[in-house]
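Below is one structure, written out as C-alpha cells; the observations come after it.
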Amino acid sequence: LPVENGGTLPGVVLLIGLITMVGALFLAGLNVFAPRERRRNLAAEFRQRVPRGRQLSGAGKRLVETVERFLRKDPDRHSGLALRLERAGLDWTPAEFGAVMLAGAAVLAVLGFGIFRLFGLVLFPVVGAFAGLAVLDHRGTKRSKMFTEQLDGTLQLIAGSLRSGFGIMQALGTVAEETEWPTNEEFTRILGEVRLGRDLGDAMESSALRVNSEDYGWVVQAIEISREVGGNLAEVLDNVSGTIRQRNTLRRQVRALSAEGRMSAVILFLLPFVMFAWMKFSNADYIDLLFDRTGGQIAVVIGLGLMVVGAMWMRKIVEVKF
C-alpha cells in the first residue's frame with residue numbers, strides 16, 4: 001500500500017489483520033450454526049471442567065480487572081451494561097464484555113491503520129464498538145421477541161397446572177421443565193431466586209425487566225395482584241393469554257405489511273458500502289482521494305453521520321407501535 005513518504009507498507013500488518021478476521025468469522029459461524037442446545041451444553045461442560053479464574057491468562061485477568069475498576073466508577077454504567085448482557089442471555093460480566101470490546105478495538109485499529117492509515121486507525125475501532133453494542137442489543141431484542149411469542153403457551157400451561165391443583169410455585173416449575181429457551185431459562189432463574197429467599201413478586205419483576213416485554217409485564221402484574229387480593233388466577237391468566245394472542249396476531253400482520261419498507265431501508269443503508277467496496281477493488285485511485293485529502297476525510301465523516309441519521313429515521317418510519 002502506498003504511504004506518504006513514497007515507500008510501501010509491509011504486508012505483514014494486513015496479513016495479521018486478515019487472518020484475525022477470518023478466524024473470528026469462523027468461530028462466530030461455529031457459534032451461530034451450532035444447535036442452541038449443543039452450545040449451551042458445551043458451555044456448561046466447559047464451565048464445570050475449567051474454573052472461571054483459570055479461563056483467562058494473566059494479561060487477560062489484568063485487563064478484566066482494569067475494565068472492572070473503570071466501570072465501577074459509574075454504577076449506572078456498570079448496571080446498565082449488566083442489564084443489556086442479561087437481556088441478551090450472555091453469561092458474561094460487564095468487565096469481561098468490556099475487555100473483549102477493547103481487544104477487538106485493538107485488532108480493528110491495526111487493520112484500519114494498514115488499510116486507511118490514520119483515518120482507519122480512528123474509524124475502525126469506533127465503528128467496531130458501536131457494532132458490538134448493536135449486536136448485543138439485537139440479541140436482546142431477538143430473545144425478548146422469542147419469549148413474547150412463547151408467552152401465550154406459557155400462560156396456558158400455568159393456568160392448566162393451577163386448575164389441576166398445583167400451587168403457583170409448582171406451576172412455574174412445570175414451565176421451567178417443559179418449555180423451550182428462553183422461557184425455561186427465565187423461569188428456572190425465578191425459581192432459583194425464590195428458593196434462595198427472594199420474594200416471588202420481586203423475582204418476577206426482575207425477570208420482566210430482563211425480558212423487556214410489555215406483555216410479560218402485564219402477566220407479572222396480574223400474578224402479583226392475584227397474590228395480594230386473591231381470586232381465580234387461572235381465569236385471569238386465560239384472559240391475559242387471549243389478549244396477548246390477539247396482540248401477537250396483530251404484530252405479525254404489521255410485520256408482513258411493513259416488510260417492503262424494512263427491506264428498502266436495509267438496501268438503502270447497505271448500498272453505499274457495497275458500492276464503496278466495488279470501487280475500492282475496481283478503481284482504488286478514485287476512492288483513495290477520499291482518504292488522502294482532508295476534504296475527502298471530512299466528506300466521509302459527514303456521509304457516515306448522515307447515514308446514521310437516515311437509518312434511525314427509516315427505522316422510526318417502519319416501526320409501528322400499538
- Task: Report the extension gain between Arg245 and Leu83 in nm, rounded to one decimal, defined as 0.36 nm multiplied by the number of residues separating them, less their alpha carbon distance.
- Result: 55.6 nm
- Along the Cα-to-C-beta direction of Leu268, a point sits 7 Å from the Cα; which residues of the stretch 277-305 have their amide N less than 19 Å from that point? 302-305
- Item | the stretch 88-237: C-alpha gyration tensor shape, a/c 1.5 cut-off, then a/b vs b/c | prolate
- Length gained if Ile317 through Ala103 is fully extended, taking 0.36 nm per residue and subtracting the Cα-Cα distance, is 73.4 nm
- Query: Each residue of the stretch 154-171 in order: what ³J(HN,Hα) in whole Hz does its phi give by Karplus 6.51 cos²θ - 1.76 cosθ + 1.60, θ = phi - 60°, with x for Gly and Pro?
  - Reply: 4, 5, 5, 5, 5, 4, x, 5, 5, 5, 7, x, 6, x, 5, 5, 5, 5
- Query: Which FRET efficiency, nearest 0.05, do Met169 and His138 yield, Cβ-Cβ r, R0 41 Å?
  - Reply: 0.75
- Message: What does the extension gain come out to for Asp199 and Asp288, with contour length at 0.36 nm per residue minus their alpha carbon separation?
- Response: 25.8 nm
- Item | Apportionment of accessible area to carbon and sulfur, the stretch 97-148, percent (1.4 Å) | 82
- Message: Using alpha carbons only, how many angstrom separate the centre of the stretch 282-322 from the centre of the stretch 228-248?
- Response: 47
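The values are calculated or read from the model by the stated rules, or taken from the named source; none is laboratory data. Small disclaimer: the values here were computed from a predicted structure and weren't measured. Reconstructed Cβ throughout: ideal geometry from the backbone, glycine too, with neighbour counts over all protein chains shown. Heads up: the accessible areas ignore ligands, DNA and RNA and are worked out on the full protein's heavy atoms, side chains in. Shrake-Rupley method; radii C 1.70, N 1.55, O 1.52, S 1.80 Å.
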